[in-house]
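Accompanying notes for the structure given below.
Any read-out appearing in this document is the output of simple, stated calculations on the displayed coordinates, not a laboratory observation. Note that this is a predicted model, so its numbers are computed, not measured. All Cβ positions, even for glycine, are placed from backbone atoms using ideal geometry, and neighbour counts span all protein chains on display.
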Amino acid sequence: MLILILGTIFLAAIIYAVFDIDSMNKLQSVIQAVVAGGRHPLSALFLVDEDTKRHGGELVAEVLKAHGVQEIFTLVGGHISPILVASEKLGINIIDTRHEVTTVFAADAVARLRQSIGVAAVTAGPGLTNTITAVKNAQMAESPLLLIGGAAPTLLRDRGALQDIDQMSLFRPLCKFTARITRLKDIIPTVRKAIWAAQCGTPGPVFIEFPIDVLYPYQTVVAEAGMVKNPQGFQKLINAYLFFHISRQFSAAYLPVDTTPIPVDVPKPKPQDISNVANIILSAKKPLLLVGSQATLPPVKATDLQHIVEKLGIPVYLGGMSRGLLGKKSSIQMRQNRKDALKDADVVILAGTVCDFRLGYGKVLSRKSKIIAINRDYTQLTKNKGIFWNPTALVQADVGTTLSEILANLEGRGWKGAPSDWIESLVVREKEKEVANAKKMNEPTADGNLNPLSVLQKLDKVLPDDAILVADGGDFVGSAAYIVQPRGPLQWLDPGAFGTLGVGGGFALGAKVVHPDKPVIILYGDGSSGYSIMEFDTFVRHKYPVIAVIGNDACWSQIARDQVPWFNSSVACDLAHTDYDKIGTAIGTSGVRLDTGNEADATRHFVESIEGSRNGKSAVINVIMGKTDFRKGSISV
C-alpha cells in the first residue's frame, strides 16, 4: 500500500505540473482519497469522476450551442449517438437524411445562406466515406462547415474493429483542419479551433474524428473495456493498463473551459491596393464587373453587397452564389453575350471570379483589357496567370470588403458609374439575344415532346420573389440559367467549381431549414434526380416541403451532345422517361406528370405546387421534354 501511495504522489506531481493547477492542494486530496480507500488511485490521480452520468457528447453539444449552431444534419450511427442526443437536449435540431452525402450538402447550404458554419455528423467507416464528394465540393466552393465523424475505440484502432479505417488520411487533403480526439478535456478547445479555422481566411470544411470511447459515459467505457474480474498473473498488468488508459481519457474531463467563439480572421485589402484599383476604374471607358460566389462570404451581408454593386454602376455578370444578387430587373446586370462583352471591355474586375474552365482558363479575357483580380486565396487569385491572361492589379482580400472600400474611394472622387453609352450598347445586345432565345422556345423538339425552354419560361413567369432555386443537373440546368431568373441575393444554389451532380436533395434541405417560409425549388436533370430523389422522404418526415422540377429527356444530354457526333454512339447516355412523379407520390408528395397532353396546364401546376409547398406539401413535377440545340457547343468535359 505504501508503494502505491508513493507512486501515486510521484505521478500526481508530474501530471498536476502539466495541468498547471494548484498542485499542493490537489496532491493533498489525492493522498487523502487513496489512504481512505474511497476511490481507485488512478481515478483520484487523474481527477476522474467515477459516478458522473455525463459524457463526451455533451461537451461537443455545448460548444456547438455556444457557436449558434441551430441544427445538425446526420444519418444515425452508434458511434455518434451521444452527440446527437446531447445536442437535441440543448435545443439543436437533429435532421436525419437517407444518405450521408446529403448531410454535408445540407450543411454546405446552411453555411452559404446563413453566412456562418454548417454542421454534419456521421458514423465511422462507410458513413464517412459516403461524404467525401460533398466535402470536396465544399472545399472547392469555399464553404465553412464542420464534419463530425465517429471512429472505433482508441484501444481497438488497427485491430479489426467494426468500420475501422484510416479516416484521417482521407480527409486531410480535403479539409483546412483535421483532428482526432483522444481525451475528453481536448473536446471543447478542439471543436472551437475547428470552427474558427473553417471560417478564417479562405473558408472551407474541417473534420474532427471522435472515437466511440471518448463520447460514451465513463462507467459504460469501463464496462466495455474487457477488464477481467479477479485477474491473475499477466492479466493484472493488462487490467492496470486498461484502467490507466481510461483514466487518462477521462482526466479533468469536466473542468470549466471557455466555449465561446474565437474571433474570425478575414483578410482585408491594403489602402494602396484600393487607391490603385480606383485609379484604373476612373480611367475606364468600358469597365466590366464579374462577381463570383466568394463575394457572398461574410462579413459583408449579401443585401449590403447588392447595394455596393448597384452603386458602383458597372455592368456586371453574376455567377455561382452571386446569381440573383441584383434581383430580377437591374439596369446594369447582363445575362447574355458575356464572351463578346469581355472582348470589348477595357477594364475587367474579377470579384471572386476565377480564371478556371468557367472563364476559359483566362483565354476569353482580352489582351487589351486591364484585369483587376480580387480573391482571398492566392492560388485562385493567380490561376493560369501568365499563361492565358496577365493581371494589372491583384488584391488578396475579402471580395465584399474590397468592393465596399473601392466604392467609397470612387464616390469620394465624384464617380457616377460607368459611361452610359457602354451600358446601353450591352443592353442592346442583351435584348437581341433574348429575342433569339424566345424564338427557340417556340421551336418543336426533335422527338415531339415538350420544349424545355418553353417550360422554363412558364416557370419563370410564376416564380415568386421569395423563391430559392437549387440547381442540380447538366443540360436542363444550363438552359435554366438563361431563362429562370433568381429573384434576390442568396436565392440560387449551385455546386460551384466542382460541378457536382447530386447536390439537389441536400441543398434544398439546408435552404428550407434556413428559410422555412420560402418556396424551395430543385431544378433537376433526370439523370441527377437519381442521386437524391429519395430525400423527399426526408422532406416529408421532417415537414420541410420542397418542389422538384425534373427535366426528363431520357438522356444524359450534356454528355450525349458531344459523344454522339464525335463517336456515333450514345452508349451509357440513354435513360428512360421514368415516372418520377410516381416515385414522389409513393414517398408522400404531390406527383405531377407534365407532357404534351397537358402542356396547357403547366402554369397551373407550377402555381399549385408553389402554393402547396407554402401549405406543407412537397411536389415532384416530371416534365417529359425533348431535345433542342439551344446549348450546342457548350462544354461537357
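VAL347 sits among other residues whose Cβ lies under 14 Å from its own Cβ, and their net charge, with Lys and Arg +1 and Asp and Glu -1, is +4.
If both residues of a DSSP beta bridge must be in the stretch 56-220, then about 0% of such bridges are antiparallel. Taking every C-alpha pair closer than 8 Å and separated by at least 6 residues, the mean separation divided by the residue count of the chain gives a relative contact order of 12 percent.
As a proxy for reagent exposure, ranking ASP465, ASP340, ASP526 by other Cβ atoms within 10 Å from fewest up yields ASP465, ASP340, ASP526. Positive contributions from Lys and Arg (+1) and negative ones from Asp and Glu (-1), summed over other residues with Cβ under 9 Å from the Cβ of GLU142, come out at 0. Sorted fewest first by neighbouring Cβ atoms within 10 angstrom, VAL316, VAL277, VAL221 come out as VAL221, VAL316, VAL277. Rounded to the nearest 20 debye, the dipole magnitude of the stretch 442-624 is 580 debye, with +1 charges on Lys and Arg beta carbons, -1 on Asp and Glu beta carbons, and the Cα centre as origin. Put simply, the amide H of VAL119, placed in the peptide plane, has neighbours under 5 Å in PHE73, LEU146, leaving out anything fewer than 5 places away on its chain.
Dipole of the chain computed with +1 at Lys/Arg Cβ and -1 at Asp/Glu Cβ about the Cα centre; of SER331, PHE498, ALA481, farthest Cα towards the positive end is SER331. Would you indicate which of [x] 53, 31, 20; [y] 66, 28, 21; [z] 49, 37, 22 is the value of semi-axes √(5λ) of the Cα gyration tensor in Å derived from the coordinates of this structure? Read-out taken from this structure: [x]. Here the chain is assigned +1 on the Cβ of each Lys and Arg and -1 on the Cβ of each Asp and Glu. Its dipole about the Cα centre then comes out at about 1280 debye. Taking the C-alpha atoms only, the angle from helix 100-114 to the longest principal axis of the chain is near 70 degrees. A cut-off under 12 angstrom between Cβ atoms defines the neighbours of ASN622, and their net charge, with Lys, Arg +1 and Asp, Glu -1, is -3.
Restricting attention to the stretch 442-624, close to 5% of DSSP beta bridges with both partner residues there are antiparallel. Relative contact order, whole percent, for the stretch 179-234 stands at 38, derived from Cα pairs under 8 Å and 6 or more residues apart. Each label point is 7 Å from the Cα along the Cα-to-Cβ direction; what then is the distance between the points at LYS236 and ASP562, in nm? With each label placed 7 Å out from Cα toward Cβ, I get 7.3 nm. Taking other C-beta atoms within 10 angstrom as a stand-in for reagent exposure, VAL354, VAL513, VAL60 fall in the order VAL513, VAL354, VAL60, fewest first.
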